[in-house]
1. I'd like the residue in the range 4-43 that is among the hydroxyl-bearing types (Ser, Thr, Tyr) and touching a Ser or Thr at 6+ places or on another chain (Cβ under 9 Å) and, out of all such residues, is nearest to GLU73 (Cα to Cα).
2. If we scan the range 8-17, do we find a residue that is surrounded by 11 or more Cβ atoms within 10 Å (Cβ to Cβ) and modelled with pLDDT under 85?
3. Could you check the range 18-38 and list, in sequence order, the residues that are assigned to a strand (DSSP E or B) and at pLDDT 80 or above?
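The values are calculated or read from the model by the stated rules, or taken from the named source; none is laboratory data. As the structure is a prediction and not an experimental result, all values here were calculated from the model. Cβ sites come from the backbone with ideal geometry, for glycine too, and all protein chains shown count toward neighbours.
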Amino acid sequence: MDGVVVARLKQGSSVDLQVVPGDHTFRARLDWQTSSPLTVSVADEQRVVLEAAVGEHAQTFEGTFCQPGTSLELSPVPPAAR
């Protein structure tokens with residue numbers, strides 16, 4: 001979060017973070033693969049859920065070795081899907 005490692009998770013696990021309101025940038029990483037940065041605006045008392053997944057691009061040679069910064073997908077989970 002904001003350029004600092006705040007958690008190391010195993011597959012299927014999660015973490016709850018308390019953050020101050022405002023804009024925060026998140027990035028997921030798995031070995032040498034990463035997601036594009038995702039900036040989220042967090043309001044006071046707001047709960048935001050993010051989900052990281054291996055994208056289709058990761059299944060290609062280019063995605064894995066030439067552009068590893070695009071092989072993971074980091075996205076907000078809509079409140080109705082939680």
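1. My answer is SER35.
2. yes
3. GLY22, ASP23, HIS24, THR25, PHE26, ARG29, LEU30, THR34, SER35, LEU38
Per-residue answers, yes or no, for (1) modelled with pLDDT of 90 or more; (2) in a strand (DSSP E or B):
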| residue | (1), (2) |
| --- | --- |
| VAL40 | yes, yes |
| ARG47 | no, no |
| ALA53 | no, yes |
| GLY63 | no, no |
